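Colleague: Got a structure for you, questions after.
We did not get these values from a lab; they are worked out from the coordinates using the rules stated. Just so we're clear, the structure is a prediction, and the values are computed from it rather than from any experiment. Cβ coordinates were reconstructed from backbone atoms using ideal geometry, including for glycine residues, and neighbour counts include every protein chain displayed.
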Amino acid sequence: MEFSKSFLLQETSSFTPTSLEAEEVLSIDDLDKPITFSSYEGQIDTSELDEKIVPRFSHNIEVEAHPYAAEGRYLPESGGEWSGDRGDSDWVSDDGISPKKHNPEGMTWQQIKEELSFESIPFEKGEPNFEAVSEATVEIDDFTADRNANFTQADENCAKQWTEKEENGKAWSPSDVRAYRKENGLSWHERSDQKTMDLVPSLVHGNIPHSGGISEAKKGFA
């Protein structure tokens with residue numbers, strides 16, 4: 001739509017902007033000029049344009065810090081509850097849950113606890129204590145990040161220990177201990193001191209997340 005110059009002059013001559021003085025009424029010449037902020041310097045408050053823009057809403061998300069995350073500790077997070085501080089109390093597995101690993105019969109934790117006569121697994125400074133379900137505890141001299149090498153040493157020392165104690169009324173060889181482990185679903189738990197080994201049921205050991213001696217040994221190669 002086009003307007004004649006005389007029409008625009010007539011319309012604008014009677015208009016006085018409220019923010020301008022009477023003598024600053026637009027003239028016909030102003031119609032051909034671009035509108036800029038400098039044309040109205042002092043008439044428009046632009047202070048807010050220089051203010052730092054900040055979000056109107058903020059979300060403060062608190063993330064629970066893993067007590068031993070900095071040390072690389074691996075702890076249970078689901079499938080049970082802590083009796084106290086996480087990583088420094090007893091881990092009580094949920095009785096109604098059937099752990100997935102080393103559990104071909106689908107036993108629940110309640111059945112496992114009853115069979116092995118324990119209620120919980122204590123943790124101290126992020127490390128589990130499996131003594132309640134351990135069948136033997138030995139120390140080895142040359143702990144490495146090689147689990148098989150550690151197990152071989154543990155089998156040898158366990159054979160000596162059981163022979164001295166006349167366990168099951170016989171002399172034990174390392175191969176006897178290894179066969180016993182496999183037949184009874186047992187595994188060596190390597191403690192973080194990198195020398196102590198506990199012979200424990202894989203059903204418990206493999207279903208309670210934790211860190212042990214291997215994790216500590218691998219730190220030396222990081």
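Colleague: Relative to the present Cα-Cα distance, how much length would full extension add between Ala171 and Ala149 at 0.36 nm per residue of separation? Walk me through the numbers on the way to the answer.
Modeller: Details: separation 22, 0.36 × 22 = 7.92 nm, distance 2.27 nm.
Contour length minus the Cα-Cα distance gives 5.6 nm.
Colleague: May I pose another question? Please order Arg181, Arg86, Arg147 by the number of other Cβ within 10 Å, starting at the fewest.
Modeller: On the way: Arg181 20, Arg86 17, Arg147 14.
Exposure proxy ranking, most exposed first: Arg147, Arg86, Arg181.
Colleague: Using Cβ contacts closer than 10 Å as the measure, can you line up Ile112, Ile97 from fewest to most? It would help to have the intermediate numbers written out before the result.
Modeller: Numbers: Ile112 20, Ile97 14.
Listed from fewest to most nearby Cβ atoms, that is Ile97, Ile112.
Colleague: Quote to one decimal, in nm, the extra length available between Asn129 and Lys195 on full extension: 0.36 nm per residue of separation minus the C-alpha distance between them. Before the final figure, lay out each step's value.
Modeller: On the way: separation 66, 0.36 × 66 = 23.76 nm, distance 1.46 nm.
My answer for the length gained is 22.3 nm.
Colleague: Then there is this: Per Stokes-Einstein, at 37 °C and 0.692 mPa s, what whole-number D in µm² s⁻¹ belongs to the range 107-168, with the Kirkwood radius over Cα pairs as the hydrodynamic radius? Could you put the intermediate results ahead of the total?
Modeller: Values: Rh = 14.0 Å.
Diffusion coefficient, whole number: 234 µm²/s.
Colleague: If you don't mind, there's one more thing I want to ask. First select every other residue whose beta carbon is under 12 angstrom from the beta carbon of Gly80; then total the charges, Lys and Arg +1, Asp and Glu -1.
Modeller: Working: positive: Arg86, Lys113; negative: Glu77, Glu81, Asp90, Asp94, Asp95, Glu119.
Surrounding charge for Gly80 is -4.
Colleague: Hey, another quick one. Under unit Cβ charges (Lys, Arg +1; Asp, Glu -1), what dipole magnitude, rounded to 20 debye, does the range 72-219 have relative to its Cα centre? Don't jump to the answer; show the numbers that get you there.
Modeller: Working: 17 positive and 30 negative charges, 107 e Å.
That gives a dipole near 520 debye.
Colleague: Among Gln111, Pro209, Ser187, pick out the residue whose Cα is farthest towards the positive end of the charge dipole of the range 107-222, where Lys and Arg carry +1 and Asp and Glu carry -1 on C-beta, about the Cα centre.
Modeller: Pro209
Colleague: Also, quick follow-up: Which length gain, in nm to one decimal place, applies between Ser98 and Glu81 when the Cα-Cα distance is subtracted from 0.36 nm times their residue separation? Walk me through the numbers before you get to the answer.
Modeller: Working: separation 17, 0.36 × 17 = 6.12 nm, distance 1.53 nm.
Taking Ser98 through Glu81 to full extension adds about 4.6 nm, to one decimal.
Colleague: Still on this structure: Would you be so kind as to identify which of Asn168, Ile121, Phe151 lies farthest towards the positive end of the dipole of the range 72-219, taking Lys and Arg as +1 and Asp and Glu as -1 on Cβ and the Cα centre as origin?
Modeller: The one lying farthest along the dipole's positive direction is Phe151.
Colleague: Need one number: nm distance between label points at Glu139 and Glu183, each 7 Å from Cα along Cα→Cβ, rounded to one decimal.
Modeller: 3.0
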